[in-house]
Amino acid sequence: MARDRTSGRFVLHDHRKPRPHFDLRLEEGGVLRSWAVPRGLPDDPARNRLAVAVPDHDVDHLTYTDADKSIADFGTWEEHDRNERRLVFTLHGQRDARRYALIRTGSDWLLHLMKDQSGAT
């Protein structure tokens with residue numbers, strides 16, 4: 001079920017408490033679908049990162065910051081492929097565009113930087 005369409009906005013929050021981690025939030029269906037990513041977004045296709053699904057957040061959380069949470073990146077995201085076990089998408093952030101896959105491993109997910117970055121511009 002391949003498709004290329006802009007799906008909405010995204011934000012990557014940098015949390016400093018209780019333990020440092022990042023939250024990836026994708027706008028979809030009027031909410032922010034969210035994953036805690038303890039070690040941040042992968043920067044090498046050979047190194048996947050754990051992504052733990054967390055409860056959806058309200059869309060107003062796109063711009064939320066506080067003393068322990070800042071915005072590491074934001075922009076739009078584009079869905080390329082999806083099924084019940086995988087979501088392939090591009091994040092169009094402030095510095096660049098990168099293509100990722102979220103892969104369900106049971107109760108958790110892996111966040112994978114795609115080797116093929118064509119079309120991620």
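The values are calculated or read from the model by the stated rules, or taken from the named source; none is laboratory data. The structure presented is a predicted model; accordingly, all values stated were derived computationally and were not measured. Methodologically, a virtual Cβ is constructed for each residue, glycine included, from the backbone with ideal geometry; neighbour enumeration extends over all protein chains shown.
Selection over segment 66-121 of residues that are touching a helix residue (DSSP H, G or I) at 6+ places or on another chain (Cβ under 9 Å) and either of a type in the set (S, T, Y) or farther than 15 Å from G8 by Cβ (or both) gives a count of 1.
Restricting attention to segment 64-121, which residues are in a strand (DSSP E or B), under 22 Å from P20 (Cβ atoms) and aromatic (F, W, Y)? Walk me through how you get there before you give the answer.
Of the residues in segment 64-121, the ones in a strand (DSSP E or B) are 66, 69-83, 86-92, 97-104, 109-113.
The next check asks that each one be under 22 Å from P20 (Cβ atoms); those that pass are 66, 69-74, 91, 98, 100, 102, 109-113.
Within segment 64-121, F74, Y100, W109 qualify.
Against the list (1) surrounded by fewer than 18 Cβ atoms within 10 Å (Cβ to Cβ); (2) in contact with a helix residue (DSSP H, G or I) (Cβ under 8 Å, 6 or more places away or on another chain), the condition V11 fails is (1). Of the numbered criteria (1) at pLDDT below 95; (2) buried (at least 18 other Cβ atoms within 10 Å of the Cβ), the one H112 fails is (1). Does S70 qualify as being buried (at least 18 other Cβ atoms within 10 Å of the Cβ), of a type in the set (S, T, N, Q) and out of contact with any Phe, Trp or Tyr (no Cβ under 8 Å at 6 or more places or on another chain)? No.
Would you mention how many residues in segment 21-36 are surrounded by fewer than 19 Cβ atoms within 10 Å (Cβ to Cβ) and under 10 Å from the mean Cα position of the chain (by Cα)? Walk me through it before giving the result.
Of segment 21-36, the ones surrounded by fewer than 19 Cβ atoms within 10 Å (Cβ to Cβ) are 21, 28-31, 36.
Then keep just the ones that are under 10 Å from the mean Cα position of the chain (by Cα); that gives 36.
Total meeting the criteria: 1.
Is there a residue being over 25 Å from S118 (Cβ atoms), loosely packed, with under 13 Cβ neighbours inside 10 Å and among the charged types (D, E, K, R) anywhere in segment 86-105? Checked segment 86-105: no residue is over 25 Å from S118 (Cβ atoms), loosely packed, with under 13 Cβ neighbours inside 10 Å and among the charged types (D, E, K, R).
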